[in-house]
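Could you have a look at this structure, given as structure tokens, before my questions?
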Amino acid sequence: MQAIVLVGGEGTRLRPLTYSVPKPMVPLLGRPFMEHVLLRLRDAGINEVVLPACYLPEAIQRHFGDGEKLGLRLHYVIEEEPLGTAGALKNVERFITGPFFVFNGDVLTSLDLGAMLEQHRNSGGIGTLHLIPVEDPTAFGCVEREADGRITRFVEKPKPHEVTTNYINAGTYLLEREVLDRIPAGRNVSIERETFPQLIAGARALYAYATEDYWIDIGKPENYLKANLDTLRGTMPLRTPGPSQEAAVKQPCFVGINARVDRQAEVGPGVVLGRGCRVAAHARIYESVLWDGVVVEEGASIEGAIIAGDVRVGANARVERGAVVGHGQRIAAGTVVPPNARVPMPA
Ligand code: GDD
Ligand code: MG
């Protein structure tokens, strides 16, 4: 079985985190997010994955190479200009030999791919889309369907008054190869706004596969933080290293290799510390994600925040809920980074 994982987006909503790394490489419990995605595919029996990339593709290639270490065959296809979610598929059609999975590269879910494949085979449709119910569909694509599962309508990023269902496109598709024939080549094409609406109008139906699995799109900071906390707490089942033995942390926490926490610091519950982090005495960290090499000086506090690599949080500084601090920033001693702040401000 083959899969295409879309990894070309700019990750605009995750800035300033995505100034230094592309969205698929942001860490989840000590590994690039995409590594968890790829392991899940491999475990489901997918052995060949095509990666249409565009923004900072070298970071992805450097880490995963040809995929051998993960037991996968990986092919990278770099877009000069973003081709959109369908244009990116058309651009890699030479690799695809039969029905194939497509994954949005920023989705974490417990969806059973084998069960979805079985439904697809039984339906005889041109494609099957995973749907998930969410409270607020306005950030996603609403998908309407008949009782037999046939999809009848798409509304991408609906305005509140346009919402007619809380079932959304969950970003996993199983498509017949002929779908690629319907996508025009050489220009930007959106699968959500152009290709899916066209397919619905065609002879072979597009089917929904609705589940109530764990599901999250990590494309916004609050969701990325939530994905980390849910994985720590086990809400999202993921094969992860066991709890750390670090004396000074309150579980659940994930403490990366060579991270050091002073005995008089208060860390956790709900904290991810990247490799080589240093947390000094009387510092307090709660429900936060710190990437590699972050230094937290004496008496500093961090709550509900995301701190990118090599940041220094000065003595007695305070980073408040929802704040996101970009790579290498210095938070001066005693400073307060207010709730939901972005440091530096995205341009
Ligand atoms: N190669 C390539 N080229 N990849 C792209 C491009 C492109 O031009 N544009 C976006 N992508 C990738 C992103 O990297 C991401 O993995 C995926 O396509 C989806 O793009 P997002 O920018 O994250 O879209 P979204 O989250 O706003 O909406 C999409 O996902 C929702 C579910 O999470 C849509 O598919 C919605 O309908 C859906 O509900
Ligand atoms: Mg997304």
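Coordinate-derived values only; no laboratory data. Everything numeric here is computed off the predicted structure, so don't read it as measured data. When we count neighbours, we look across all protein chains shown, and the Cβ atoms used for this are built from the backbone with ideal geometry, even at glycine.
Please sort 102-112, 283-293, 152-162 by packing, taking for each peptide the average over its residues of neighbouring beta carbons within 10 angstrom, highest first.
Peptide ranking by packing, descending: 283-293, 102-112, 152-162.
Under 1.5 on a/c is rounded, so check that first for the range 2-221, then, if it is not, pick prolate when a/b is larger than b/c and oblate when it is not; a ≥ b ≥ c are the square roots of the alpha carbon gyration tensor eigenvalues.
Rounded shape, in that the Cα axes give a/c under 1.5.
What distance in nm separates the two pseudo spin-label positions at Arg150 and Asp262, each 7 Å out from Cα along the beta-carbon direction?
Rounded to a tenth, the inter-label distance reads 6.8 nm.
When a/c reaches 1.5 or more, the comparison of a/b and b/c decides; with that in mind, is the range 1-69 rounded, prolate or oblate per its Cα gyration tensor?
Verdict is prolate for the range 1-69.
Tell me, what ³J(HN,Hα) does each residue in the range 147-155 have, in order and in whole Hz, if you take phi through Karplus 6.51 cos²θ - 1.76 cosθ + 1.60 with θ = phi - 60° and put x for Gly and Pro?
4, 7, x, 4, 7, 10, 6, 10, 10
Next question, about the same structure. What does the C-alpha gyration tensor say about the overall shape of the range 241-343? Classify as rounded when a/c is under 1.5, otherwise prolate if a/b is larger than b/c, or oblate.
It comes out prolate by the Cα gyration axes.
Which lysines, on any chain, are close to Lys90 with Cα under 24 Å apart, when same-chain ones fewer than 8 places away are left out?
The reachable lysines, counting only those whose Cα sits under 24 Å from Lys90, are Lys23, Lys157.
What list of ³J(HN,Hα) couplings, whole Hz, do you get for the range 165-175 from phi and the Karplus terms 6.51, -1.76, 1.60, once you set θ to phi - 60° and write x for glycine and proline?
Using θ = phi - 60°, the values come out as 8, 9, 8, 10, 5, 8, x, 10, 10, 10, 10 Hz.
Tell me, what is the FRET efficiency for Arg73 and Ser110 to the nearest 0.05, using R0 = 30 angstrom and their Cβ-Cβ distance as r?
About 0.75, to the nearest 0.05.
Additional query: In whole angstrom, note down how far apart the Cα centers of the range 51-127 and the range 290-347 are.
A separation of 35 Å, based on Cα centres.
What ranking do 259-265, 132-138 get when scored by the average of other Cβ atoms within 10 Å per residue, highest first?
Packing proxy ranking, top to bottom: 259-265, 132-138.
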